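First comes the structure, then the notes that go with it.
The values are calculated or read from the model by the stated rules, or taken from the named source; none is laboratory data. A quick note: this is a predicted structure, and the numbers were derived from the prediction, not measured. Reconstructed Cβ throughout: ideal geometry from the backbone, glycine too, with neighbour counts over all protein chains shown. We work out accessible area using only protein heavy atoms, side chains counted, and drop any ligands, DNA or RNA first. Shrake-Rupley method; radii C 1.70, N 1.55, O 1.52, S 1.80 Å.
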Amino acid sequence: MTDELKVVTVTYSPGPHLDRFLASLAHATELPVTVIMADNGSTDGAPEDAVARYPNVTLLHTGGNLGYG
């Protein structure tokens with residue numbers, strides 16, 4: 001077992017909600033958090049900004065809006 005929380009999320013032009021979400025993770029657990037973010041073609045730059053602000057976030061571009069399922 002690892003002492004790390006891994007979070008996977010899907011984004012599509014999330015705006016400021018993404019930053020609030022990522023910031024809240026530090027308050028949700030005492031464990032180190034790693035975030036894998038699958039981006040569905042955002043045009044607002046929020047996913048790229050998040051990667052620049054949070055070193056624990058890895059961004060994967062899906063190539064288009066593939067949905068959440």
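Taking all protein chains in place and a 1.4 Å probe, what share, in percent, of the accessible surface of the chain do carbon and sulfur account for?
On the way: 2640 of 4570 Å².
That share works out to 58 percent.
Based solely on its DSSP helices, what 222 nm [θ] is calculated for the chain when runs of n ≥ 4 H residues each add -39,500 (n - 2.57) and the sum is averaged over all residues, nearest 500 deg cm²/dmol?
Details: 2 runs with 21 residues, N = 69.
The helix-only estimate for the chain comes to -9000 deg cm²/dmol at 222 nm.
Using 0.36 nm per residue of separation minus the Cα-Cα distance, give me the extension gain between ASP49 and HIS61 in nm, one decimal.
Values: separation 12, 0.36 × 12 = 4.32 nm, distance 1.39 nm.
Separation in residues times 0.36 nm, less the Cα-Cα distance, equals 2.9 nm.
For the chain, which chymotrypsin sites (Phe, Trp or Tyr not before Pro) are both in a DSSP coil and crowded by at most 15 other Cβ atoms within 10 Å? Intermediate values should be presented prior to the final figure.
Working: sites: TYR12, PHE21, TYR68; in loops: TYR12, TYR68.
For chymotrypsin sites (Phe, Trp or Tyr not before Pro) across the chain that sit outside H, G, I, E and B with at most 15 neighbouring Cβ atoms in 10 Å, the list reads TYR68.
For the chain, compute the orientation-averaged projected area of the C-alpha convex hull (one quarter of its surface), in nm². Display every interim value, and only then the final one.
Working: hull surface 19.7 nm².
Seen from a random direction, the Cα hull of the chain projects 4.9 nm² on average.
Give me the number: length gained by fully extending ALA28 to LEU5, i.e. 0.36 nm times residue separation minus the C-alpha to C-alpha distance, one decimal in nm.
Working: separation 23, 0.36 × 23 = 8.28 nm, distance 1.02 nm.
The ALA28-LEU5 span can extend by a further 7.3 nm.
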